[in-house]
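> Questions regarding the structure given below will be posed in turn.
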Amino acid sequence: MISDSQLVSQHWPAYSNVTIVRGDLLHPVVSGNKLFKLIPLLDKARREDKSVLLSVGGRYSNHLHALAWAGHESGLQTVGLVRGYEAQPLTPTLLDCQKWGMHIHFISHDEYENRYSDDFWAFWLGRYEHSLRIDEGGWSAEAIQGSAQWWRGIDPKTTLVVCAIGSGSTFAGLVLSKPKQVTVIGVPVYRDPDNYQSLVRKLTDVGVAMADIHLWAEGAGRGFGKLNMQQQAFKYEFEKQNDCELDPVYTTKVFHTLAQKLGSDNTLQKHHIAVIHTGGLQGNR
Ligand SMILES: *Cc1c(COP(=O)(O)O)cnc(C)c1O
């Protein structure tokens, strides 16, 4: 699928010590980061004789989009539990999902709030025989393991890696497979009134050491999927100068936060920095 596709990187001309890992170029249709996560989950489905992949997400979800495509490619039925209402027009994301054969069920806000509970899953797994539960964003040991693939595109001289945090799989995967001398910094893209305590718990539960959890939480800005004015202006300028598009949910926040830090923290100058473009451009439509 993409297991042997090339992961290219390029300089960020504004900063001589930063390279951009172009995950957005990994695949012409779906978000590269999501495929890294899904490949080991597809293997698991095959191993466990599951014929249905069941997952959950929003109406613009890169994860459901990649899942629908991957299911279509590998002959597995996919089912998407989507936060929203039947009466709303389908987004371009969901139209693609449908085209690739995904069954879409809309679930209410309240049901969606339940998406981590076993009751929620027992109900839906019961409706589809031989189905595999895939948590939101693909969060799983398999997705974490698949995310180690990013190192293929990271220069060995690198001492600092910066990536987005949605479910945290990408961050956990990078940290758990990193060379000793590298620091990985995560930029959460959603606001958390609890100061990311549940994220930290989730990460330590899968084996990430407390000492390896570095977050630039100010990157969350106005919250999930929302850009403030500085972030919007940054996106516009960046795209004009670098022939590289950013998405508003993840990569704009990551790149903007890094640029801010480079402007305010001199200790970053001594680092060789790799910033990960996790893709996600389908959501721009
Ligand atoms: C899902 C996604 C992320 C977040 O990755 P996680 O592994 O869920 O933390 C980052 N960028 C893009 C474009 C994504 O689609």
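The values are calculated or read from the model by the stated rules, or taken from the named source; none is laboratory data. Please read all numbers here as calculations on a predicted model, not as lab measurements. In this analysis, Cβ positions are derived from the backbone assuming ideal geometry, glycine residues included, and neighbour counts consider all displayed protein chains. Each accessible area value is taken on the protein alone, full model and side chains, heavy atoms only, with ligands, DNA and RNA left out. Shrake-Rupley method; radii C 1.70, N 1.55, O 1.52, S 1.80 Å.
> Provide, for q = 0.14, 0.21 Å⁻¹, the log10 of I(q)/I(0) from a solvent-free Debye sum over equal Cα point scatterers in the stretch 151-285.
For the stretch 151-285 at q = 0.14, 0.21 Å⁻¹, log10 I(q)/I(0) is -0.63, -1.40.
> Okay, moving on. Bin width 10 Å, origin at 0, all Cα-Cα pairs of the stretch 86-191: what percent of pairs per bin?
12, 31, 32, 18, 7, 0
> Another question, if that's okay. Among LYS44/LYS240; LYS34/LYS178; LYS202/LYS240; LYS178/LYS261; LYS99/LYS261; LYS157/LYS235, which pairs are too far apart, with a Cα-Cα distance over 31 Å? Let's see the in-between values first.
Details: LYS44/LYS240 42 Å; LYS34/LYS178 19 Å; LYS202/LYS240 38 Å; LYS178/LYS261 22 Å; LYS99/LYS261 42 Å; LYS157/LYS235 28 Å.
In this structure, LYS44/LYS240; LYS202/LYS240; LYS99/LYS261 exceed 31 Å between Cα atoms.
> Binning at 5 angstrom from zero up to the longest distance, how are the C-alpha pair distances of the stretch 59-100 distributed in percent?
Taking all Cα pairs of the stretch 59-100, the binned fractions are 5, 26, 34, 21, 10, 3, 0 percent.
> Taking every DSSP beta bridge with both residues inside the chain, roughly what % is antiparallel (nearest 5)?
In the chain, DSSP labels about 10 percent of beta bridges as antiparallel.
> With the convex hull built on the Cα atoms of the stretch 153-227, state its orientation-averaged projected area in nm². Walk me through the intermediate numbers first.
Numbers: hull surface 21.1 nm².
Average projection, Cα convex hull of the stretch 153-227: 5.3 nm².
> List the residues whose amide H sits under 5 Å from the amide H of VAL187, counting only those 5 or more places along or on another chain, with H placed 1.01 Å from N in the peptide plane.
CYS163, ALA164, ILE165, TRP216
> Another one. Of the chain, which part is the longest with no chymotrypsin sites (Phe, Trp or Tyr not before Pro) in a loop (DSSP not H, G, I, E, B) and with at most 12 other C-beta atoms within 10 angstrom?
On the way: sites that count: TYR85, TYR116.
In short, 117-285.
> If I take every Cα pair under 8 Å that is 6 or more residues apart in the stretch 154-285, average their sequence separation and divide by the length, what percent do I get for the relative contact order? Don't skip to the answer; put the middle values down first.
Details: 187 pairs, mean separation 42.4, N = 132.
Result for the stretch 154-285 is 32 percent.
> Can you pull out the GluC sites (Glu not before Pro) in the stretch 95-152 whose DSSP state is coil and whose Cβ has at most 13 other Cβ atoms within 10 Å? Mind dumping the intermediate values first?
Numbers: sites: GLU111, GLU113, GLU129, GLU136, GLU142; in loops: GLU129.
Answer by residue number: GLU129.
> Follow-up. Could you grab the relative contact order for the chain? Cα pairs under 8 Å, six or more apart, rounded to a whole percent. Before the final figure, lay out each step's value.
Values: 509 pairs, mean separation 65.0, N = 285.
About 23 percent, as a whole number.
> Over all pairs of distinct alpha carbons, what does the Kirkwood formula give as the hydrodynamic radius of the chain, in Å?
Numbers: mean 1/r = 0.0518 Å⁻¹.
With all distinct Cα pairs of the chain included, I get 19.3 Å.
> Using the Karplus curve 6.51 cos²θ - 1.76 cosθ + 1.60 with θ = phi - 60°, work out ³J(HN,Hα) for each residue of the stretch 183-193 in order, rounded to whole Hz, and write x for Gly and Pro.
9, 10, 10, x, 10, x, 9, 10, 7, 9, x
> Given 0.36 nm per residue, what is the gain on full extension from ARG222 to GLU86 after removing their alpha carbon distance, in nm?
Values: separation 136, 0.36 × 136 = 48.96 nm, distance 2.80 nm.
Length difference between fully extended and current span is 46.2 nm.
> Right, another one. How big is the Cα convex hull of the stretch 147-192 in projection, averaged over all directions, in nm²? Walk me through the numbers before you get to the answer.
Working: hull surface 12.6 nm².
That works out to 3.2 nm².
> Please list, in chain and number order, the residues 5+ apart from SER61 or on another chain whose amide H is under 5 Å from its amide H, with Hs placed from the backbone.
For SER61, no residues qualify.
> Okay, moving on. Please list the non-local residues whose amide H lies under 5 Å from the amide H of ILE107, H modeled 1.01 Å from N, same-chain partners needing a gap of 5 or more.
Amide H neighbours of ILE107, under 5 Å, 5+ apart: VAL82, ARG83, GLY84.
> Return the loop-located trypsin sites (Lys or Arg not before Pro) in the stretch 134-193 (DSSP other than H, G, I, E, B) with at most 16 other Cβ atoms within 10 Å of their own Cβ; answer none if there are none.
Values: sites: ARG152, LYS157, LYS180, ARG191; in loops: LYS157, LYS180, ARG191.
Hits after loop and neighbour filter: LYS157, LYS180, ARG191.
> Got a number for carbon plus sulfur as a percent of the chain's accessible area, 1.4 Å probe? Spell out each step's value before the answer.
Working: 6490 of 13200 Å².
Roughly 49 percent of what the probe reaches on the chain is carbon or sulfur.
> I want the local charge near GLY57. Using Cβ-Cβ distances under 11 Å, sum +1 for each Lys or Arg and -1 for each Asp or Glu among the other residues. Don't skip to the end; give the middle numbers.
Details: positive: LYS34, ARG59, ARG83, ARG115; negative: ASP135, GLU136.
Net local charge, GLY57 excluded: +2.
> Each residue of the stretch 259-276 in turn: what ³J(HN,Hα) in whole Hz from Karplus with 6.51, -1.76, 1.60 and θ = phi - 60°, glycine and Pro shown as x?
Once rounded to whole Hz, the list reads 4, 4, 5, 5, x, 10, 10, 5, 5, 6, 4, 7, 8, 8, 10, 10, 10, 8.
> Here is a follow-up. Convert each backbone phi in the stretch 207-213 into a coupling constant with the Karplus relation 6.51 cos²θ - 1.76 cosθ + 1.60 (shift: θ = phi - 60°), then list the ³J(HN,Hα) values in order as whole Hz, x for Gly and Pro.
3J(HN,Hα) across the stretch 207-213, in whole Hz: x, 6, 6, 3, 5, 9, 9.
> So what's the stretch 1-122 giving for Rg/Rh, alpha carbon basis, Kirkwood Rh from the mean inverse pair distance? Walk me through the intermediate numbers first.
Details: Rg = 16.7 Å, Rh = 15.9 Å.
We get a ratio of 1.05 for the stretch 1-122.
> Can I ask one more? Magnitude of the Cβ-charge dipole of the stretch 84-221, K/R +1 and D/E -1, about the Cα centre, nearest 20 debye? It would help to have the intermediate numbers written out before the result.
Working: 11 positive and 17 negative charges, 140 e Å.
That gives a dipole near 680 debye.
> Ok, one more. Normalised by the residues of the stretch 139-187, what does the relative contact order come to in percent, with Cα pairs under 8 Å and at least six apart? It would help to have the intermediate numbers written out before the result.
On the way: 60 pairs, mean separation 21.9, N = 49.
Dividing the mean separation by the residue count of the stretch 139-187 yields 45 percent.
> Under the rule of -39500 (n - 2.57) per DSSP H run of 4 or more residues, summed and divided by the residues of the chain, what mean residue ellipticity at 222 nm is obtained, to the nearest 500 deg cm²/dmol? Please list the in-between numbers first.
Numbers: 10 runs with 103 residues, N = 285.
It comes out at -10500 deg cm²/dmol, rounded to the nearest 500.
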